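The values are calculated or read from the model by the stated rules, or taken from the named source; none is laboratory data. Predicted model, so just to flag it, every value in this text is computed and none were measured. All Cβ positions, even for glycine, are placed from backbone atoms using ideal geometry, and neighbour counts span all protein chains on display.
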Amino acid sequence: MLAIKKIAVCGAGTMGSGIAQITAQCNFKTVLFDLNEEVLSKSRLLIQNSLQLLTTKGKLSEEAKEQTLNNLLFTSNLNDCKADLIIEAIIESKEAKLNLFKQLEQLNNSETIFASNTSSISINALSAEMQYPQQFAGMHFFNPATVMKLVEVIKADKTSDAVAEQLCLLSKALGKIPVVCKDAPGFIVNRVARHYYLEAMKLVELNLATIENVDAVMEASGFKMGPFKLMDLIGLDINYNVSQIVWNDLGKPERLKPSTIQQQKVEAKELGKKTGKGFYNY
Ligand SMILES: NC(=O)c1ccc[n+]([C@@H]2O[C@H](COP(=O)([O-])OP(=O)(O)OC[C@H]3O[C@@H](n4cnc5c(N)ncnc54)[C@H](O)[C@@H]3O)[C@@H](O)[C@H]2O)c1
């Protein structure tokens, strides 16, 4: 039986906003925390607009929209993050995540489940620093979290069976499809998909194809989104970071070496859709 009633999502960026919207829409009391007030205001607007669009299209009743908004608390006060489940979706930095988890441990108790939405940081490495490692797991949503069905539930060596089961039950309650994965660099999707991005960038780097060509060909062959459009959606900083971590953790194999053109984009702060410019202009 699902025991999770209240959820705190930490980080109101691309992923945190989407995750909080879906949990609130599915009637879980949801706290959405971010340090940055401006990000919180943007997130509130984004969620309101997204819910309004669903209502206009007849996919969500007016009452359900109001209920969803009532289920949400936007806050920059960490003390509000007392919940049955914490879903962390802040920047992809082990130090920042651990620092936040340590503060959250003080506010919560031994029953609270802690989950990280990290794309690439080892769940075992994070859980090793936790007071109750059996309560800790990965819960990896995909972008956009309101739409994408897959959730990788990453069971670390010490994650209890009961916690993995709760995260699977919750995913199903959110209309998602959970897949339990072991903790390995990139888990499943980001490990397999690495080549989708890296080989595409290699072709462009070697002047063998253009960005537009590669995307058009991959989309025509059945992929929903070409690799360059997808990287722009994910955020080039996030995608580059994942490449670096997977490459490092697997012993720096040549085939997984991060791309120079992506590094240049990140250094130029051309991070994709979120900054208005990436491989494409928005
Ligand atoms: N972008 C994707 O496609 C994607 C997909 C799956 C998983 N992820 C993972 O989700 C996480 C978040 O990614 P994102 O794309 O939403 O990033 P983002 O940059 O859009 O948002 C991160 C947010 O975290 C906030 N933040 C930073 N430090 C904080 C702290 N100490 N406390 C509270 N908030 C803090 C920032 O203000 C920002 O709003 C990362 O771990 C990433 O690897 C991303």
Can you name the condition, by its number, that GLU270 falls short on among (1) touching a strand residue (DSSP E or B) at 6+ places or on another chain (Cβ under 8 Å); (2) closer than 21 Å to PHE142 by Cβ?
-> (2)
Hand me the list of helices (runs of 4 or more DSSP H) wholly inside segment 1-76 holding 1 or more residues that are within 11 Å of the ligand (Cβ to nearest atom) and touching a helix residue (DSSP H, G or I) at 6+ places or on another chain (Cβ under 8 Å).
-> 14-25, 37-56
Mind listing whichever residues of segment 115-151 are more than 17 Å from GLU92 (Cβ to Cβ) and within 15 Å of the chain's Cα centre (by Cα)?
-> ALA137, PRO144, THR146, VAL147, MET148, LYS149, LEU150, VAL151
Which listed residue is in the same structural domain as LYS42 (by TED's automatic domain parsing) and among the basic types (Lys, Arg), from LYS257, LYS176 | LYS176
Restricting attention to segment 86-125, report how many residues are hydrophobic (A, V, I, L, M, F, W, C), within 11 Å of the ligand (Cβ to nearest atom) and within 20 Å of LYS182 (Cα to Cα).
-> 3
Can you tell me which of ILE177, ILE113, ILE121 is modelled with pLDDT under 95 and of a type in the set (A, V, I, L, M, F, W, C)?
-> ILE121
